[in-house]
Amino acid sequence: MSEEANSPDGNGKVCRVIRIGTRKSQLARIQTDSVAAKLKELNPDINLEIVAMSTTGDKILDTALSKIGEKSLFTKELENALERNEVDLVVHSLKDLPTTLPSGFTIGAVLKRENPHDAVVLHPKHAGKTLETLPENSVIGTSSLRRAAQLKKRFSHLEFKDIRGNLNTRLKKLDEKADFAAIILAAAGLRRMGWDNRISQILGPEDCMYAVGQGALAVEVRARDADILEMVSVLHDPDTVLRCIAERAFLRHLEGGCSVPVAVHTEVKDSQLYLTGAVYSLDGSDSLKETMQTSIAANDKSIEEVDEQFQRVGVTAGKISGEAQDRAERLGIDLANLLLSKGAKEILTVARQLNDAR
């Protein structure tokens, strides 16, 4: 618990103060405020304080993310504050969180996923076009090797260049200069910012599968803080949790990260969890893609037996069937093993080496 754990409210009654850590960007604040509002609604007697800070990824804006080689670009400073008891919980975009968390931390909540797909935002002069109908050699901005690898193969008439900065910065670079015909961004971020009107095209899985955890928010806490863990656990969305456990297990077993192109697509339908996973060469010419499924139907007995403290790929979800979580994790591992047996390690190794050499 943080040092100033209590404060009197207007009636002289002592209220507990919960400090929430977040990045300083406008999107991060919107995301954190939405989590804070949910917690306040469920716990009217607590006072919430937002503590915003800059992370390494926010400060280094002249280098492609894939070149920095740091797995916790957008999370390390926030976790340091959590470790020092300066905050009690931290709100992240789940896709920013490494699949292995530092010792003593856990993901205590994974909220209902927003649309996880990528979106095309066109320069105003190209209004009404799609990636397919953009002129030959049009330049598309993206900081993601995963997006570039898939789209280079699908739309070979286009060029892809790095673009960095938060959402506001990237949109400004698109609109105010003639450098880019379009940029690719996560649909979830644009929607949370209220910028749906800028979305020209949502890319389906046949064009571009998404990043592990994309579109979902995660609440990271100290694993030993049972009361905080209990408080945030009600925010878990069961389907999102199971999908993201499968995705994170897949990525962890492949040993992928932001320096290699790995993509996923998941779906829950009729008590079945479907996971499609793929790996790509940097130019998209070499790829492997497979789909597997598992049942996530669970009997009541398995829910009673869940160990509250047991983590799966960094996630603690004590109120969701342990059997279903185990199956989701096994699905991710099995799919990774299938791709590895077909040569995924070689594709990823070459992609990593080429990226390092760029």
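The values are calculated or read from the model by the stated rules, or taken from the named source; none is laboratory data. What you see is a predicted model; the values in this text were computed from it and never measured. Positions of Cβ are backbone-derived with ideal geometry, glycine not excepted, and every protein chain shown enters the neighbour counts. Note: accessible area is taken over every heavy atom of the protein model, side chains too, but ligands, DNA and RNA are not part of it. Shrake-Rupley method; radii C 1.70, N 1.55, O 1.52, S 1.80 Å.
First check a/c for segment 118-202, with a ≥ b ≥ c the square roots of the eigenvalues of its C-alpha gyration tensor; if it is under 1.5, answer rounded, and if not, answer prolate when a/b is larger than b/c or oblate otherwise. It would help to have the intermediate numbers written out before the result.
Working: a/c = 1.41, a/b = 1.30, b/c = 1.09.
The shape class here is rounded.
In segment 82-135, Rg over Rh equals 1.23, where Rg is the alpha-carbon radius of gyration and Rh the Kirkwood radius from pairwise Cα distances. Looking at the chain, the accessible area is 44 square angstrom per residue; that uses a 1.4 Å probe and ignores ligands, DNA and RNA.
Can you pull the Kirkwood radius for the chain, inverse mean 1/r over Cα pairs, to one decimal in Å?
21.2
Rolling a 1.4 Å probe over the protein chains gives Arg154 an accessible area of about 100 Å². Gain on full extension, evaluated as 0.36 nm per residue between Asn115 and Ser103 minus their Cα-Cα distance, stands at 1.2 nm.
The count of lysine pairs in segment 118-202 whose Cα atoms are under 18 Å apart, excluding pairs fewer than 8 places apart on the same chain, comes to 9. Annotation for Leu42 and Ser341: the two label points, set 7 Å from Cα along the Cα-Cβ direction, are 4.0 nm apart. Take the solvent-accessible surface of the protein heavy atoms, probe 1.4 Å, and return the percent of it on segment 118-202 that carbon and sulfur atoms account for. For segment 118-202, the apolar C and S fraction of the accessible surface comes to 44 percent. Charged neighbours of Thr130, selected by a Cβ distance under 15 Å, balance to -1 (K, R count +1; D, E count -1). A straight chain from Ile199 to Thr291 at 0.36 nm per residue would run longer than the Cα-Cα distance by 30.3 nm.
With the convex hull drawn over the C-alpha atoms of segment 209-278, the volume per residue is 111 Å³. In the chain, helical runs assigned H by DSSP with n ≥ 4 each contribute -39500 (n - 2.57); averaged across all residues and rounded to the nearest 500, the mean residue ellipticity at 222 nm is -10000 deg cm²/dmol. With the whole protein complex present, Phe155 retains an accessible surface near 10 Å², based on a 1.4 Å probe.
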